[in-house]
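Each remark here refers to the structure printed beneath this line.
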Amino acid sequence: MVDSLLDTSVLVDVLRQYPPAKLWFANQKQPGIPSMVWIELLQGVPNRIAEQRALRILNKFVRIDLTVSDVDWAIQQLSRYKLSHNIGGLDCLIASASHRLQMPLYTTNLKHFTPLLGSLAQKPY
């Protein structure tokens, strides 16, 4: 059973073998990955080898797909925070799953996620 969600920033650190991320990640039970994180991570890979490596890691997780209500919530948050906090649509969509499930979203980008999620946005390391 999924007990938390991971943002792209955490997975990038894991892929880069960043020591604090590796240590933190090794102690996690069963985090899930919002479907938009899958898309963001794959969008950022520079070549096939990196893509295959990313997919090997992503396939270890439960993917949390968005619902219509998630998209509606994300649109409301984008309208509310885009101009005041410079928060983008993908971050709103990623946050929507955390909001719906009331699960922590681990991210190194608290600047964007705290306005959306409050204390559900948590820094992992």
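For the reader, a short list of remarks on this structure follows.
- Within segment 111-125, being in a helix (DSSP H, G or I) and within 19 Å of Gly32 (Cβ to Cβ) holds for Phe113, Leu116, Leu117, Ser119, Leu120.
- Total residues in segment 76-105, condition without any contact (Cβ under 8 Å) to a residue 60 or more places away in the chain and either touching a His at 6+ places or on another chain (Cβ under 8 Å) or not hydroxyl-bearing (Ser, Thr, Tyr) (or both): 19
- Selected residue [without any contact (Cβ under 8 Å) to a residue 40 or more places away in the chain, closer than 18 Å to Ser9 by Cβ and not small (Gly, Ala, Ser)] from Trp24, Trp73, Trp38: Trp38
- Filter result for Lys22 (under 19 Å from Arg63 (Cβ atoms) and among the basic types (Lys, Arg)): no
- Search result, residues across segment 31-51 that are surrounded by 11 or more Cβ atoms within 10 Å (Cβ to Cβ) and not hydrophobic (A, V, I, L, M, F, W, C): Pro31, Gly32, Pro34, Ser35, Glu40, Gly44, Glu51
- Verdict on Asp3 being of a type in the set (D, E, K, R) and within 10 Å of the chain's Cα centre (by Cα): no
- The lone exception for Leu78 - which of (1) buried (at least 16 other Cβ atoms within 10 Å of the Cβ); (2) within 27 Å of Arg16 (Cα to Cα); (3) more than 14 Å from the chain's Cα centre (by Cα) it fails: (2)
Coordinate-derived values only; no laboratory data. Source: prediction; values computed, not measured. Backbone-built Cβ (ideal geometry, glycine too); neighbour counts: all protein chains shown.
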